[in-house]
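Shown next, in structure tokens, is the structure this report addresses.
Bear in mind these aren't lab numbers, they're just calculated from the coordinates by the rules spelled out. Here the structure is a predicted model, which is why all the values come from computation and not from measurement. All Cβ positions, glycine included, derive from the backbone under ideal geometry; neighbour counts span all protein chains shown.
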Amino acid sequence: MDQNKLNTKRIFSGIQPSGVLHLGNYLGAISQFVKLQGDTNSECIFCIVDLHAITVPQDPKILREKILELAALYLACGIDPTKSTLFVQSSRPEHSELAWILNCFTNMGELNRMTQFKEKSENKSNYSVGLFDYPVLMAADILLYQTTHVPVGEDQKQHIEITRDLCERMNNKYNGLFTLPEPMINKQTARIMSLDDPNNKMSKSSPSPSSYIGLTDSPEIIREKIKRAVTDSGSEIKSGEDKPAISNLLNIFAAVTDREIADIEKDFEGNGYGEFKDALAQAVISKLAPIQEKYNKLIAGKDELRKILADGSAKIAPIAQKTLSEVKKSVGLG
Ligand code: TYM
């Protein structure tokens with residue numbers, strides 16, 4: 001097992017191919033991934049987590065399309081397949097197999113405490129066992145690759161904590177099977193909030209498209225959504241705990257322009273929300289324009305996308321197979 005572990009960093013993260021990829025996913029996750037892949041001491045593995053997507057109902061035809069769309073978006077945002085590995089979760093059966101084994105070491109009570117499960121199952125008369133078990137599959141994704149670091153947004157923190165608990169439990173029982181992963185959460189962009197309710201995070205599964213900016217939204221739609229974004233009482237362009245809406249917009253502005261919030265506040269001293277929102281919309285449009293241009297080219301070459309994903313899956317197969325085989329031996333299955 002030891003040669004499967006690294007002295008350098010091994011980064012692993014995943015995104016679900018469901019709903020619309022939005023600015024929160026980009027700022028909280030993908031833009032971090034792109035920065036990390038430039039570090040020569042890091043090996044980066046990024047996954048399209050289709051098995052997680054089917055924990056809620058999906059139309060098979062749409063899901064198949066969404067997987068390739070997400071691959072194109074990863075690449076358009078800057079993931080370079082010569083520097084990082086990009087693959088589809090279900091293409092490697094080791095994820096499901098390890099998840100099953102980990103299930104047998106996870107307590108119901110631990111999963112019952114997961115806030116994302118509580119939110120997603122709330123007000124539903126029925127939901128799948130998969131939705132409940134989702135964090136264990138996520139733990140399998142991470143532990144399978146002896147991951148050292150997991151870049152994610154704030155909403156995934158609790159899932160990484162349970163991954164770490166499972167890791168330590170298995171390591172204590174079976175003598176160091178897995179590497180203990182650390183979360184990597186960028187403070188400023190960890191939680192981009194909804195445009196129509198700044199008390200809730202921007203979310204892929206939101207029924208209201210005006211709550212998020214999709215990475216493929218047209219300039220007109222972006223302008224319209226930002227114009228309609230809720231603001232706080234008062235008219236000052238100033239961040240603060242009592243101003244969640246304007247703080248969120250300032251945060252987005254700072255992240256897409258790589259500037260400090262205080263700097264932007266200064267620029268808009270004495271201006272109203274109208275001018276601020278126009279400038280924010282322009283900044284978001286400028287940030288997304290090159291991504292959209294690349295995306296439109298990439299999505300036209302589906303065979304090339306499939307090839308990149310298949311190559312990625314083949315490349316990381318030996319790591320996944322080695323970890324799984326050690327785990328099976330340890331628990332008495334091989
Ligand atoms: P998913 O697909 O919901 O989201 C993908 C990534 O985007 C981040 N994110 C946000 N960041 C900031 N502000 C927001 N409003 C916002 N919304 C989403 C998420 O934190 C995530 O990093 N369970 C995961 C996918 C997964 C995974 C993994 C991640 C499966 N296995 C292993 C890391 C490692 C999920 O559903 O992400």
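The table that follows gives values for the structure above.
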| read-out | value |
| --- | --- |
| Order of CYS104, CYS77 - criterion: other Cβ atoms within 10 Å of each residue's Cβ, fewest first | CYS104, CYS77 |
| Residue order, fewest to most beta carbons within 10 Å, for LEU324, LEU27 | LEU324, LEU27 |
| GLN146 long-range amide H proximity, modeled H, under 5 Å | THR179 |
| GNM top mover of GLY312, GLY274, GLY130 - the chain, alpha-carbon springs below 10 Å | GLY274 |
| Contour excess over end-to-end distance, with Cα ends at THR231 and LYS328 and 0.36 nm allotted per residue | 29.5 nm |
| Calculated FRET efficiency for the pair GLU275/THR40, C-beta based, R₀ 25 Å, to 0.05 | 0.05 |
| Summed side-chain charge close to LEU333 - residues other than LEU333 whose Cβ falls under 12 Å, Lys, Arg +1, Asp, Glu -1 | 0 |
| Unit charges on C-beta of K, R, D, E only; dipole of region 184-334, Debye | 1080 |
| Given 14 as the ceiling on other Cβ atoms within 10 Å, longest exposed-site-free region of the chain for trypsin sites (Lys or Arg not before Pro) in DSSP loops | 6-112 |
| Residues THR115, THR323 arranged by fewest to most Cβ contacts within 10 Å | THR115, THR323 |
| Kyte-Doolittle at least 1.6, axis length at least 18 Å by Cα - qualifying DSSP helices, the chain | 129-144 |
| Cα shape, region 270-334, gyration tensor, a/c 1.5 rule | oblate |
| 10 Å Cβ shell holding at most 13 others, DSSP loop, GluC sites (Glu not before Pro): longest site-free stretch of the chain | 1-121 |
| Distant-in-sequence amide H partners of SER84 (H built 1.01 Å from N, under 5 Å) | none |
| Region 108-167: chymotrypsin sites (Phe, Trp or Tyr not before Pro) in DSSP coil with no more than 16 other Cβ atoms inside 10 Å | TYR127 |
| Extension gain (nm, one decimal) between ASP263 and ALA317, 0.36 nm per residue minus Cα-Cα | 14.7 nm |
| Cα→Cβ-extended label distance, 7 Å offset, between LYS83 and GLN116, nm | 2.6 |
| Candidates SER313, SER18, SER233: whichever shows maximal mean-square fluctuation once the chain is modelled as a Gaussian network with Cα springs under 10 Å | SER233 |
